[in-house]
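The values are calculated or read from the model by the stated rules, or taken from the named source; none is laboratory data. Bear in mind the structure is a predicted one, so any value in this text is a computation, not a measurement. Here Cβ is always computed from backbone atoms with ideal geometry, including for glycine, and neighbour counts include all displayed protein chains. We work out accessible area using only protein heavy atoms, side chains counted, and drop any ligands, DNA or RNA first. Shrake-Rupley method; radii C 1.70, N 1.55, O 1.52, S 1.80 Å.
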Amino acid sequence: MTCSQFNAALAAWQQLLAAEQVVIDTPSIRKAETATFATTSSVLAVLYPERDQLAACLNIAKQYKQQLYTISSGKNWGYGSQVPVSSDSVIVNLSRLKRITNYDKKQGVVTVEAGVTQAELAQFLLEQGDKHWMDCTGSSASCSVVGNTVERGFGHTAYGEHVKYVCGIEVMLASGQVIKTGLHRFNDAKAAGVYQAGIGPALDGLFFQSNLGIVLSITLWLMPKPECFLAFYISTEQDILEQLVESLCQLKRQGYLTSLPHIANAFRVLPGLQQFPADVAAKQIYPLPEQELSRLKNQWQVGRWNVSGALYGTKGQIKLAKAALKTHCRRFKKTQLNFISDTLLSLIEKYQWLLSKLLRRDMARVLAVLKPVHMMMQGKPSDNFLASAYWRMPTLPDNDFKLDQDGVGLIWCAVVAPADGQCARNIETIVSRVLTSFGFEAGITFTLLNERCLDAVISIGFNRQSNDGIDWDSKALACRRQLYEQLLKEGFFPYRLDINMTQFMSEYSSLEYENVLQLLKNTFDTDNILSPGRYIATQ
Ligand SMILES: Cc1cc2nc3c(=O)[nH]c(=O)nc-3n(C[C@H](O)[C@H](O)[C@H](O)COP(=O)(O)OP(=O)(O)OC[C@H]3O[C@@H](n4cnc5c(N)ncnc54)[C@H](O)[C@@H]3O)c2cc1C
């Protein structure tokens, strides 16, 4: 692609789309080129097509060999935000694709287009009678459901592994053709929304974490609103990670726990409650010293390990699960298990002033985390958790969290492992050693995705605009590399990649598999215009 080719493509897009759908002004382009870590890819323009304009947009891109980069809402913070993998790309932002269709109240099935946000789906379900809950993430309410799902993102409820609950997708190929997977490819197949496999080879998997097509919509299964809901929290000062993992796994295997419990260390919980202490930052002591950590844990009553989860079901099921959880927790010394119902949460809210006095804690700030977690586990998203990304920032925005523009530094590294206490410990040991050596707090959350597999999400948090003379951007990238190398050496591989890591990971992959991926890319996208380098390495 040459400059004149881009100019010709731009002129064609400007003919096709309205002025506000083709963005080329410098401030907007700078925004689109900014993530929560250092990146180098340049953006030439951002397109906001309607669904029926997309094929023509692709045609223009093909004609002028202009590479595109697909995003749904572009809030992939910590993994690259909306920044393309390849330089000189034009971003295709699908946020105008807003339809929510085919809601089947009996089966709990709905189809959402790429631009539908978590907040919009949650609101839609509420308006339809609150019969089903979506599974939402701890990211923004304005994140796209499709964007997260194609990334194989996960949340908290029993439907937390999002891709598992997809029953058909609609994809536009680089040619502009649209295909529907599963039984959706047949007209009027009654089971299209309820039978995942379809007939013959299933193509769905080709389009998750992929650059083989543009996902227009997905059909999703939703969790029926349960008769009863009870949130639970375990907090312990004991270093009993192995036992926690094993206990929670056993409860999952036995069917007591259907949700995806999250086990977070103090460095993942504290950033939700406050920022890095200014006096320690002034002395440039990084990471936070042990003594300070103890003080903050005491102040906020945060444990070394902190579990959040929820029980869903009938009254009887919840009673049994509650008893089983209590039995397990009784085995651990100095470990608190608390259950919070909707009623109890309302009471805490009502008497927060009294509790603040009695417990000597800022209950408003505690509630600012507790309530959104409670609501999130009921499928109601919020922006509240974004505050935690500002841990190393000197100030917190009032409510408008623009992580990329605010200079928030964040890299997520997320690896999967067998649901096994020793594996969790091995990961934690590596993470602590590597992050600490680079001056980062070793924040880590283990999520039991199911009874067999856990996911460890590690956060490298920093301030990209810090004026302390330390090059945090370079440190973070070096830390990420070393962390990956050490985790991979021990057999812990990522479930998801940020925009810089595809090439790196392909070095660890089998040549045969990489060759097949290249073959697929050449077949589906002959001109290599769709998100080059995203999940399929460029040769
Ligand atoms: C504080 C905080 C908490 C977070 N919590 C979670 C969490 O609990 N769970 C979680 O999973 N993530 C979490 N995230 C990470 C991230 O913000 C979310 O995963 C978010 O949903 C991804 O951004 P998005 O939905 O805007 O997707 P996008 O940025 O639009 O898309 C993500 C990627 O998917 C691909 N893509 C997007 N749309 C399409 C399409 N239509 N067709 C083909 N490919 C496409 C592209 O490669 C794109 O880069 C968190 C982030 C922060 C800062």
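The lysines whose alpha-carbon is closer than 25 Å to the alpha-carbon of LYS190, local same-chain residues fewer than 8 away aside, are LYS98, LYS105, LYS106, LYS131, LYS164, LYS180, LYS225. When the solvent-accessible area of the stretch 229-494 is split by element, carbon and sulfur atoms take up 51 percent of it, the probe being 1.4 Å. Where the alpha-carbon atoms of the stretch 100-224 are placed on the principal axes, they occupy 36, 30, 23 Å, in descending order.
Placing one equal scatterer on every Cα of the stretch 407-539 and applying the Debye formula, the log10 ratio I(q)/I(0) at q = 0.10 Å⁻¹ is -0.40. Approximating the spin labels as points 7 Å out from Cα along Cα→Cβ, the GLU490-to-ALA191 distance works out to 4.4 nm.
Using a probe of 1.4 Å on the protein chains alone, the accessible area found for CYS228 is around 30 Å².
Rounded to the nearest 0.05, the FRET efficiency derived from the C-beta distance between GLN123 and ALA368 at R0 = 30 Å is 0.90. On a per residue basis, the chain carries 43 Å² of accessible surface, using protein heavy atoms and a 1.4 Å probe. When Rg and the Kirkwood radius Rh are both evaluated on Cα atoms of the stretch 460-514, their ratio Rg/Rh stands at 1.08.
A probe of 1.4 angstrom, applied to the heavy atoms of all protein chains, finds MET376 with accessible area near 10 square angstrom. With a Förster radius of 30 Å applied to the beta-carbon distance between GLN107 and ASP342, the computed FRET efficiency rounds to 0.70. One chain, two ends: ASP383 and LYS333. Fully extended at 0.36 nm per residue, the span grows by 14.5 nm beyond their Cα-Cα distance.
Solvent-accessible area assigned to carbon and sulfur over the stretch 1-51 amounts to 54 percent, based on a 1.4 Å probe. Each residue was assigned an accessible area with a 1.4 Å probe, and for LEU347 the value is about 80 Å².
Spatial offset of the stretch 306-330 relative to the stretch 207-227 amounts to 29 Å, using the alpha carbon center of each.
Take the alpha carbon atoms of the stretch 410-432, find their center, do the same for the stretch 1-18, and report the distance between the two centers in whole angstrom. If we compute the Cα centre of each part, the gap is 46 Å. You can think of it this way: the chain between SER432 and GLU349 has 26.3 nm of extra reach, that is 0.36 nm per residue less the Cα-Cα gap.
Across the chain, the mean sequence separation of Cα contacts (distance under 8 Å, 6 or more residues apart), normalised by length, yields a relative contact order of 18 percent.
Annotation: peptides 24-31, 158-165, ranked by per-residue average of other Cβ atoms within 10 Å with the highest first, follow the order 158-165, 24-31. Computed across the stretch 209-347, the Kirkwood radius stands at 17.6 Å (inverse of mean 1/r, all Cα pairs). Treating each Cα of the chain as one equal point scatterer and applying the Debye formula with no solvent, the log10 of I(q)/I(0) at q = 0.08, 0.12, 0.13 Å⁻¹ comes out as -0.53, -1.23, -1.43.
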